[in-house]
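Just below is one structure, and these are the notes that go with it.
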Amino acid sequence: MQLDAALRKLNLYRVLMATVLTVVAGGIAFGQPQLEVTPAPESVTVGETFRVSYEVSWSGAPGDYTVLPAELEPVEWGTCTLLPSKAYVRDGLNVIVQTVEFVANQPGEVEIPAVEFQYLRPEDVQKPEKPDTPMHLNASDAPPKLRADPFPLLVQPHTTPAWLFGVLGALFFFLLAAVAWWMASRRRKPSAAPQPFEAVDRVAVNAHLDRAKRKRLEGDFYGAYRELAGAAGLLKSKAPELEGRLTARADEIGYRGVRPTDDEMDGDIRTIERILAQDETIPRA
């Protein structure tokens, strides 16, 4: 009876020890860093930039592990760049994200290379005796690693989408139609009718000139310029802006007391006489 009781106690002890070891081992495995990969798309275009994110996470304190930068080999089919890592806490897990940026330079079936991450525990690192002394590993073995396996990627050449040809064709059609409509409208547009000859009342113009010269001799410069403006009004078809200029000049003399010089008055009189002389050379319709 005592032997049976001892055997039962021993078996119970073994079961308890096995349970404790299982729980402890499961806790250690649960607390160790885990690696998850956010892969790239299945296909990209030559020259297109794409990224692959590698996420290392563990439970416990943030200082339980130190994750070293990713070990990445260069690729022959393009370029790869390791971007700055990010660290944060998510749902009670310590997360470190390292992102690799790739650019494919040639088409075909390529392979995203394997990526490895080394991680250290605080006891694996020997603290330096001096601040400027580098740290050393306590253990002789290499630190444990997390490895992301390679995966395939299809790199396609540059292709022009079919819808772009359709858009360009429609634009060309509308442009051609617009040009045809413009040319047709120009052909339909009637030519401008010839302007009828507008005769100049030379007698009236000369009468204004004679009165302007007489008022000038009398010292009535305002009246002289009013007569010159009247003569210019009869020549509006030959000199459209002359009447307005002479009228403004008359207002300056009459309301502001401006005294015109002899050269200015001679020039304005000769302008009207020159227009009359040119009118004599124009053949009448």
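The values are calculated or read from the model by the stated rules, or taken from the named source; none is laboratory data. As the structure is a prediction and not an experimental result, all values here were calculated from the model. A quick note on method: Cβ atoms are made from the backbone with ideal geometry, for glycine too, and the neighbour counts reach across all protein chains shown. What goes into the accessible areas is simple: the full protein's heavy atoms, side chains included, and nothing from ligands, DNA or RNA. Shrake-Rupley method; radii C 1.70, N 1.55, O 1.52, S 1.80 Å.
The residues of region 25-118 expose, per residue, 55 Å² of accessible area to a 1.4 Å probe.
Can you tally the net charge around residue 76? Count Lys and Arg as +1, Asp and Glu as -1, for every other residue whose Cβ sits under 15 Å from the Cβ of residue 76.
Numbers: positive: none; negative: 73, 109, 111.
Charge balance near residue 76 sits at -3.
Among 86, 238, 215, 145, the sequence by solvent-accessible area, most first, with a 1.4 Å probe is 86, 145, 238, 215. Accessible area per residue for region 197-285 is 59 Å², calculated with a 1.4 Å probe on protein heavy atoms, without ligands, DNA or RNA.
Each of 272, 96 has its accessible area taken with a 1.4 Å probe; listed largest first, they run 96, 272. Accessible area per residue was computed with a 1.4 Å probe on protein heavy atoms; residue 158 scores about 140 Å².
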